[in-house]
1. State which residue is nearest to Ile59 (Cα to Cα) when the search covers only segment 177-229 and only residues that are touching a residue at least 40 places away in the same chain (Cβ under 8 Å) and out of contact with any strand residue (DSSP E or B) (no Cβ under 8 Å at 6 or more places or on another chain).
2. Could you tell me whether segment 178-201 includes any residue that is open to solvent by 10 Å² or more (accessible area, probe 1.4 Å), among the β-branched types (Val, Ile, Thr) and in a loop (DSSP other than H, G, I, E, B)?
3. Scan segment 250-279 residue by residue and report those that are surrounded by 16 or more Cβ atoms within 10 Å (Cβ to Cβ) and of a type in the set (A, V, I, L, M, F, W, C).
4. Can you say whether Ser118 is touching a Gly at 6+ places or on another chain (Cβ under 9 Å), modelled with pLDDT of 95 or more and open to solvent by 20 Å² or more (accessible area, probe 1.4 Å), as far as the supplied structure shows?
5. With the requirement that a residue be in a loop (DSSP other than H, G, I, E, B) and among the acidic types (Asp, Glu), what does segment 207-230 give you?
6. Any residue in segment 91-101 that is closer than 16 Å to Leu195 by Cβ and in contact (Cβ under 8 Å) with a residue 24 or more places away in the chain?
7. If you check every pair at least six apart or on different chains, which have Cβ atoms under 9 Å apart with a residue in segment 50-70 that is in contact (Cβ under 8 Å) with a residue 40 or more places away in the chain and buried (at least 17 other Cβ atoms within 10 Å of the Cβ) first and a residue that is among the β-branched types (Val, Ile, Thr) and in a loop (DSSP other than H, G, I, E, B) second?
8. Only one of (1) surrounded by 18 or more Cβ atoms within 10 Å (Cβ to Cβ); (2) acidic (Asp, Glu); (3) closer than 30 Å to Glu151 by Cβ is not met by Asp164, so which one is it?
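The values are calculated or read from the model by the stated rules, or taken from the named source; none is laboratory data. Not measured: the values here are computed from a predicted model. Here Cβ is always computed from backbone atoms with ideal geometry, including for glycine, and neighbour counts include all displayed protein chains. Side chains included, ligands, DNA and RNA excluded: accessible areas come from the protein's heavy atoms. Shrake-Rupley method; radii C 1.70, N 1.55, O 1.52, S 1.80 Å.
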Amino acid sequence: MRPLKNIIHRIKLRKFFEDRTMSNINLIIEERPRNIGNFMVGRLLPFRDKRMVGPFIFIDHMGPEDMQAGENMDIGPHPHIGLSTLTFLFEGNVMHKDSLGTEVEIKPGQVNWMTAGSGIVHSERTPGYLRDKPKALHGLQIWVALPKTLEEIPPSFFHADVEDLPQWETDGIAYKLIAGSIMSKKSPVPVFSPLYFLELKSKDRQTVKIGNELYGEAGLYILEGSIESEGTTFGSKELLVAKDNSLCEFILNPNTTIYFFGGEPFAEERFIYWNFVSSNNERIEQAKNKWREQKFTPVPGETGFIPLPPDNINLKQHK
């Protein structure tokens, strides 16, 4: 597999509050390349100085990657606890299989929402009919931590088609609400805490004043194009974290796509190890042992599994 195109290989964190006291931008986090088996991604969260934004604890930007015939995404069976995963594709196709017996192909614009709760195992692969053909893959993979009282709920799965998602246009900006609630709209995706994951697209230069609609913590991810804020231009593959949501006003430059995400943060710290998230480190140790002993419910039709990584490897992947 060729390396991820156009990834910025230098980690750069700029703390504007240190030298620009009037700025409303607290952090700027650029994508860092990570290898997830035979596929490269750009990691946004977690970051050493910002582990979560609201309940969002993990964000990977996949691609854009052009794959030749025989080059495929193959992420074998692996477990999760204490979170919901959200897969949102811009381009390409992924076959999702899990230990509930779910087998669903996700296509661009659709939403796969898998809640691990007490534990689930799943695989993500290029669909069989595409494995011997040229193809592309581009999208976001996101983890949303569960509230402490719901960390051990039974696992579940939800799939939303493109037409199921609220979509509207205001002042030349196209909005799509992928998950959560905001701007008097609600996505059908069954979230478990107050949050939002909102797409904004503009073909022309537009001013965005959305601060009064945001709540909790807010992050802004620039997928393509650029924005202007407080006299500074920010480009693609950058994640901006606001100090004060109410002051969130900026300019969308032409042909720009951005994503607002965030919501109410939890009172308790969340621990993360590999694919496990919990407010209790002992619970993570239990999950690690359970996976080592292969006592999770398997994925029907799958063979093999991704082994638990060594502790020192896991620590490196989140820096």
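1. Lys203
2. Yes.
3. The answer is Phe250, Leu252, Ile258, Phe260, Phe261, Phe266, Phe271, Ile272, Trp274, Phe276, Val277.
4. It is true that Ser118 is touching a Gly at 6+ places or on another chain (Cβ under 9 Å), modelled with pLDDT of 95 or more and open to solvent by 20 Å² or more (accessible area, probe 1.4 Å).
5. Of everything in segment 207-230, just one residue is in a loop (DSSP other than H, G, I, E, B) and among the acidic types (Asp, Glu), namely Glu230.
6. no
7. That search, which allows pairs on different chains as well, returns Pro55/Val191; Asp60/Ile36; His61/Ile7; Met62/Ile36; Met67/Thr126.
8. For Asp164, the exception is condition (1).
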